[in-house]
Amino acid sequence: MLTTIKTKARRVLYPFCLVCLMLPAPAFASVNATPVKRDYILWYRNFDNPAIQSLVRLALTKTSEYGEFELIRSEELSQGRVLRELANESSRLVDIANVATTPERESMLTPIPVPVDGGLLGFRVCLVLPENLDKFEGIRNLTDLERRNVRIGQGSHWPDTPILEGNGVSVITHTRYEILFGMLKNRRFECFARGISEVLFDLNQRQAEGLVIEPNLLLAYAMPSYLFVAPGDQETAHRLQLGLERAILDGSFARYLKNSFGKAVAQLGLDKRTVITLENPYLSDDSERVGRKTLENLKRRIEYLTSGN
């Protein structure tokens, strides 16, 4: 019987293992059956994000023994709703979602424990109104953020919210990602904190018209981002992890990281920003080690991603 990915996730993390390469072939291979084409419903926010969609396609493409596939955009579900639908074994509104990890999510769903953006989601910059840029000048630490009365906008169901609040940051929330742009424009808060792997994509959205990226600050906390599937969908979990591990082995995962995020890292000038490090107590032991490794390797990661850009 195959070891479940959820069990493996507790002990197989960064640096990535090769266990999946030793897993038995899918059941259809033993009887020479032709694998059936499978539709995979990807959460709409991941589907609309070229980097995440391309990574899922990469993993599925590298596992052709599972059969052909078609990737389908899900309904427009909030992050909280998509997690509930994934946990509901009788639902097929979504099959795959990429979100930041938490111990609750790892126990409720099946994580594929490979940080999809190399751990970049925990490095955050601020989307702001241009007229508020002066408010951020000279900020060096969390105390300065509080003194300047800088409020940060985040999603109600995002793991960032308790992390920021736990570090004493004032947070304003909403359930819908799209609504937060309008709240920023209406001055409900001063900073919409976005991952460096997300923010350039955000700026291309209609809702972000008139907003700019604050040039000097970088909020940093350990927060790996994984692909998640339903708790009983072990075939999809094995296929995704096997595909990602093959991509790591042949170098295509490293090329994906550089192609998808190198431009953003270079444009955002991370090496010149003031880094404000926050604690994240809301991680499993394994994911905490992944996140800590990412923080420790920030300088080396920036150098790799920006080389040649």
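The values are calculated or read from the model by the stated rules, or taken from the named source; none is laboratory data. Model, not experiment: these values are computed from the prediction. Every residue, glycine among them, receives a Cβ derived from its backbone with ideal geometry; neighbour counts consider all protein chains shown.
Confirm whether P103 is within 29 Å of G210 (Cβ to Cβ), of a type outside the set (F, W, Y) and more than 13 Å from the chain's Cα centre (by Cα).
Working: within 29 Å of G210 (Cβ to Cβ): no; of a type outside the set (F, W, Y): yes; more than 13 Å from the chain's Cα centre (by Cα): yes.
When the stated conditions are applied, P103 does not pass them.
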Might you let me know whether the stretch 114-123 holds any residue that is modelled with pLDDT of 95 or more, surrounded by 14 or more Cβ atoms within 10 Å (Cβ to Cβ) and in contact with a Leu (Cβ under 8 Å, 6 or more places away or on another chain)?
no
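Looking at the stretch 252-280, which of its residues are of a type in the set (S, T, N, Q) and either within 19 Å of the chain's Cα centre (by Cα) or crowded, with 18+ Cβ neighbours inside 10 Å (or both)? Before the answer, list the steps.
Pass one, the stretch 252-280, residues of a type in the set (S, T, N, Q): 252, 259-260, 267, 274, 277, 280.
Residues satisfying the conditions are S252, N259, S260, T277, N280.
Working carefully through the options Y226, Y177, Y221, find the one that is within 17 Å of the chain's Cα centre (by Cα) and at pLDDT 95 or above. Spell out the reasoning first.
Values: Y177 fails: at pLDDT 95 or above; Y221 fails: at pLDDT 95 or above.
Only one candidate qualifies: Y226.
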When every residue in the stretch 193-226 that is free of Cβ contacts under 8 Å to residues at least 60 places away in the same chain and in a helix (DSSP H, G or I) is compared, the one surrounded by the most Cβ atoms within 10 Å (Cβ to Cβ) is Q207
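Can you tell me which residue among L211, L240 is outside the structural domain of V82 (by TED's automatic domain parsing), of a type outside the set (F, W, Y) and out of contact with any Phe, Trp or Tyr (no Cβ under 6 Å at 6 or more places or on another chain)? Talk me through it step by step, then tell me what you get.
Working: L240 fails: outside the structural domain of V82 (by TED's automatic domain parsing).
Unique residue meeting the criteria: L211.
Quick check on L249: is it modelled with pLDDT of 95 or more, in a strand (DSSP E or B) and either touching a Leu at 6+ places or on another chain (Cβ under 9 Å) or not polar (S, T, N, Q) (or both)? Spell out the reasoning first.
Working: modelled with pLDDT of 95 or more: yes; in a strand (DSSP E or B): no; either touching a Leu at 6+ places or on another chain (Cβ under 9 Å) or not polar (S, T, N, Q) (or both): yes.
No.
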Number of positions in the stretch 21-70 that are among the hydroxyl-bearing types (S, T, Y), modelled with pLDDT of 95 or more and in a helix (DSSP H, G or I)
5
